[in-house]
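Q: Dropping a structure here in structure tokens format, bear with me for questions.
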Amino acid sequence: MSAPVTGPRLADLTTARVGGAARTLVEAATGQEIVAAVRAADAAGEPLLIVSGGSNLLIGDDGFDGTVVRITSSGFTVDDDDATCGGVMVKVQAGHDWDDLVRYTVLHAFSGLEALSGIPGSTGATPVQNVGAYGSDVAQTIATVRTFDRETDSIKSFTNFELGFGYRDSLLKRSTVGGSPRYVVLSVEFQLGLGRMSKPVRYAELAAALGIGVGERTYANDVRRAVLRLRAGKGMVLDAPDPDTWSTGSFFTNPIVSEDVAAALPPDAPRYPAGLEGQVKLSAAWLIERAGFSKGFGLGDDDGYAAAEGRASLSTKHTLAVTNRGGATTSDLLSVARLVRDGVEARFGIRLEPEPLLINCSL
């Protein structure tokens with residue numbers, strides 16, 4: 001094993017508050033600075049890691065022996081030339097805080113992002129993972145994404161269709177150079193509707209919280225408030241004093257399996273359309289809980305199986321989040337996740353896959 005890297009602490013740049021140091025850390029506050037920093041690292045043959053909000057990222061305890069480019073660009077512009085057609089275009093810099101953007105759009109009666117309120121991280125990360133929640137994802141509103149293509153050393157823009165969006169997936173996520181992303185997002189343009197009403201609410205839990213039926217609309221402000229309440233109740237809204245929010249968010253994706261595999265599960269197992277013929281999306285949280293892992297399950301300081309008093313545990317509010325209880329290491333979080341993954345596989349024969357990007361560490 002290589003020696004730990006010494007340099008700026010990467011734990012300070014991630015919402016899980018774990019991870020070693022970077023050999024080199026460069027902050028880039030504009031698109032031009034992002035391109036220059038990435039070009040310099042590539043020209044020097046340096047391993048490259050892109051960080052912005054740090055919310056979907058788990059970095060190993062030995063750190064990153066290369067160049068970390070932290071994207072801090074911010075700001076957005078609104079083009080309402082087509083407002084008479086019922087929509088606006090909002091172009092957002094990659095480092096802009098995602099929930100700040102959502103809040104602005106809701107307050108200014110731009111419809112489409114309200115169900116994605118409270119998600120931590122930067123706007124530039126959202127198309128990579130096709131970020132989504134409560135029956136909505138960014139693929140429904142993204143028009144174009146402007147990137148720097150490291151392979152051709154050029155600026156390249158993608159339309160929504162070209163991005164090949166899937167469940168927590170996109171062309172941007174699938175395309176790599178030397179093990180790191182080929183395309184570095186510079187800005188994202190969204191096409192949003194005009195009006196105070198939300199898009200149709202497709203998620204049963206959210207519809208119930210709003211007192212409406214699935215597929216109905218209500219005021220976007222009400223949707224945002226309801227989503228923030230639901231997320232806060234699950235520890236999924238960042239709150240510095242609350243260790244239940246010191247995580248990467250959902251650690252596991254909802255597995256997509258064949259209809260035959262889904263049919264073998266108990267009748268009460270939640271099942272959702274996967275958008276693929278013969279495939280079904282399951283609830284990772286349901287599988288975790290039915291495999292015997294309750295809220296707060298985690299590693300203790302001594303016995304290894306104590307509850308939430310340990311260094312790391314499942315959130316006390318939601319079984320999908322692996323949390324840092326204070327003083328945890330990346331290894332601690334991965335140990336909890338590994339126990340959960342293996343327990344679910346032993347119980348149901350379904351192997352959960354991690355949602356966050358794992359850097360210099362593995363599950």
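Q: Mind listing the long-range amide H neighbours of Thr253? Cut-off is under 5 Å, sequence gap 5 or more, other chains count too, H placed in the peptide plane at 1.01 Å from N.
A: Glu353, Glu355
Q: What percentages, rounded to whole numbers, describe P(r) for the stretch 178-302 computed over all alpha carbon pairs with 5 Å bin width beginning at zero?
A: Calculated over all Cα pairs of the stretch 178-302, the distribution is 2, 8, 11, 13, 16, 19, 16, 9, 4, 1, 0, 0 percent.
Q: Ok, one more. Could you order Thr24, Thr323, Thr176 so the one with the most accessible surface comes first? Probe is 1.4 Å.
A: So, going from the largest accessible area down, we get Thr176, Thr24, Thr323.
Q: What accessible area per residue, rounded to a whole number of Å², is obtained for the chain using a probe radius of 1.4 Å?
A: Normalised by residue count, the accessible surface of the chain is 44 Å².
Q: Calculate the length of the line joining the C-alpha centroid of the stretch 65-117 to that of the stretch 130-146, in whole Å.
A: If we compute the Cα centre of each part, the gap is 12 Å.
Q: Next question. P(r) of the chain in 20 Å steps, Cα pairs, percent per bin?
A: Each 20 Å bin holds this share of Cα pairs: 28, 60, 12, 0.
Q: Using a 1.4 Å probe on the protein heavy atoms, what percent of the accessible area of the stretch 10-157 belongs to carbon and sulfur?
A: Its accessible area is 48 percent carbon and sulfur atoms.
Q: With the alpha-carbon atoms as the only input, what is the per residue convex hull volume for the stretch 50-180 in Å³?
A: Cα convex hull per residue, to the nearest whole number: 127 Å³.
Q: Let me ask something else. For the chain, with a Gaussian network of springs between Cα atoms less than 10 Å apart, report the residue from Ala207, Ala40, Ala312 with the top mean-square fluctuation.
A: Ala40
Q: Right, next: Kyte-Doolittle mean at least 1.0 and Cα extent at least 15 Å along the axis: which DSSP H helices of the chain qualify?
A: Within the chain not a single helix satisfies the rule.
Q: Next up: With just the Cα atoms defining each centre, how far is the stretch 331-350 from the stretch 234-263? Give it in Å.
A: Distance between centres, Cα-based: 13 Å.
Q: I've got another one for you. Once the Cβ-Cβ distance between Ser294 and Ala43 is put in as r, and R0 is 45 Å, what FRET efficiency do you end up with, to the nearest 0.05?
A: For R0 = 45 Å, the calculated efficiency reads 0.35.
Q: Related question: Count the lysine pairs in the chain whose Cα atoms lie under 18 Å apart, taking only pairs 8 or more positions apart in sequence or on different chains.
A: 5
Q: A further question on this structure: For the stretch 241-363, what is the convex hull volume of the alpha-carbon atoms per residue, in Å³?
A: Normalising the Cα hull of the stretch 241-363 by residue number yields 109 Å³.
Q: Give the carbon-plus-sulfur fraction of the accessible surface of the stretch 211-281 in %, rounded to a whole number; probe 1.4 Å, heavy atoms of protein chains only.
A: Carbon and sulfur together cover 54 percent of it.
The values are calculated or read from the model by the stated rules, or taken from the named source; none is laboratory data. Keep in mind the model is a prediction, meaning the values are calculated, not measured. So basically every Cβ, Gly included, is an ideal-geometry build from the backbone, and we count neighbours across all protein chains shown. These accessible areas exclude ligands, DNA and RNA; they are computed on the full protein's heavy atoms, side chains included. Shrake-Rupley method; radii C 1.70, N 1.55, O 1.52, S 1.80 Å.
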